[in-house]
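Enquirer: Attaching a single structure in structure tokens format; questions to follow.
The values are calculated or read from the model by the stated rules, or taken from the named source; none is laboratory data. No experiment lies behind these values; they were computed from the predicted model shown. Here the Cβ positions follow ideal geometry from the backbone for every residue, glycine too, while neighbour counts run over all protein chains shown.
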Amino acid sequence: MHRATGVLLIVVPLLLLAALHASVINAQPPAHSGNIAGFFHELVGEWIGSYTQYNGKTKAPTKYFHAVVKELSPDAYASVFEYYRIDPKTHKPAEAGVSRMKTSISPDGKAINTITGNGDVLIDNETTSPEKHQFTEILHLASAGELQGEGTGRIDVRGMPNGKVTNYASTWTESVGSFRIAQQLKVEFRVLFFAKIFNISTDCTGSRGSDVMSLINATGKNADHAGATPGHP
């Protein structure tokens, strides 16, 4: 069996979210963080943030998102995450995919997330291909303000056999005005006796807001300034 590794950039949600926390002065802890329904209730509203992904020590290009989380009922939630990236040629924001999440909270205090969407994947830092993804994860309350999840799924990438997702684990944390999702997963593409394996870790954070373009533009300006020649703007 031949095994290889590369960088697989998955637009999920969720999955999706990264690298931005809001500071709230004199804020109180979330009122409903002691149960899983309260956890998702605190997420209702609009969010912006960024999403980083690694394969080992190799980092994929950062993406940014605008998310809207809605409460359909006390035990059902719907979320949409729209993703963007900075075009390396134009240095302007470009659409990079969307993920939709449905959350159902069961009487035993667990939540089932169903995530579907599309985006693009970056393989071996060379080839970018369109992808579609579908995940199902079960979340439980680990402590106040923290959820842990396990799940499975698949990723369909153009030009490759269907990818099977295994060893999926996630940790969700939230506080007033910010949240974070960390993920670990393995994706396997197999043809007969040959397989290509991707071991992926992600770090996603978001903060309250709706103007994702200002976030992207500010990030781009900071990057340009950091890369400028000393003595030049």
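Enquirer: Being closer than 30 Å to Arg190 by Cα and exposed (fewer than 15 other Cβ atoms within 10 Å of the Cβ) is the filter here, so list the residues in the stretch 137-147 that pass it.
Expert: Ile138, the sole residue that qualifies.
Enquirer: Still on this model: Kindly indicate the residue of the stretch 77-93 that is surrounded by 15 or more Cβ atoms within 10 Å (Cβ to Cβ) and not β-branched (Val, Ile, Thr) and also modelled with the lowest pLDDT among those meeting that condition.
Expert: Looking at the filtered set, the residue picked out is Pro93.
Enquirer: Hey, does the stretch 8-21 have a residue that's at pLDDT 90 or above and either of a type in the set (Phe, Trp, Tyr) or under 11 Å from the mean Cα position of the chain (by Cα) (or both)?
Expert: no
Here is a yes/no grid of residues against (1) touching a Leu at 6+ places or on another chain (Cβ under 6 Å); (2) under 24 Å from Ile36 (Cβ atoms); (3) assigned to a loop (DSSP other than H, G, I, E, B):
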| position | (1), (2), (3) |
| --- | --- |
| Thr114 | no, yes, no |
| Gly117 | no, yes, no |
| Asp120 | no, no, no |
| Ile155 | no, no, no |
| Met160 | no, no, yes |
| Arg180 | no, yes, no |
| Lys196 | no, no, no |
| Thr202 | no, yes, no |
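Enquirer: Which residue pairs have Cβ atoms closer than 7 Å, lie 6 or more positions apart in sequence or on different chains, and pair a first residue in the stretch 63-91 that is touching a residue at least 40 places away in the same chain (Cβ under 8 Å) and within 20 Å of Ser50 (Cα to Cα) with a second residue that is buried (at least 17 other Cβ atoms within 10 Å of the Cβ) and among the acidic types (Asp, Glu)?
Expert: Here the result reads Phe65/Glu82; His66/Glu82, each pair linking the stretch 63-91 to a residue that is buried (at least 17 other Cβ atoms within 10 Å of the Cβ) and among the acidic types (Asp, Glu).
Enquirer: So, in the stretch 27-76, of the ones that are β-branched (Val, Ile, Thr) and modelled with pLDDT under 95, which residue ends up farthest from the chain's Cα centre (by Cα)?
Expert: Of the stretch 27-76, the ones β-branched (Val, Ile, Thr) are 36, 44, 48, 52, 58, 62, 68-69.
Next, only the ones that are modelled with pLDDT under 95 stay: 36, 52, 58, 62.
Values: Ile36: 20, Thr52: 8, Thr58: 17, Thr62: 11 Å.
The qualifying residue farthest from the chain's Cα centre (by Cα) is Ile36.
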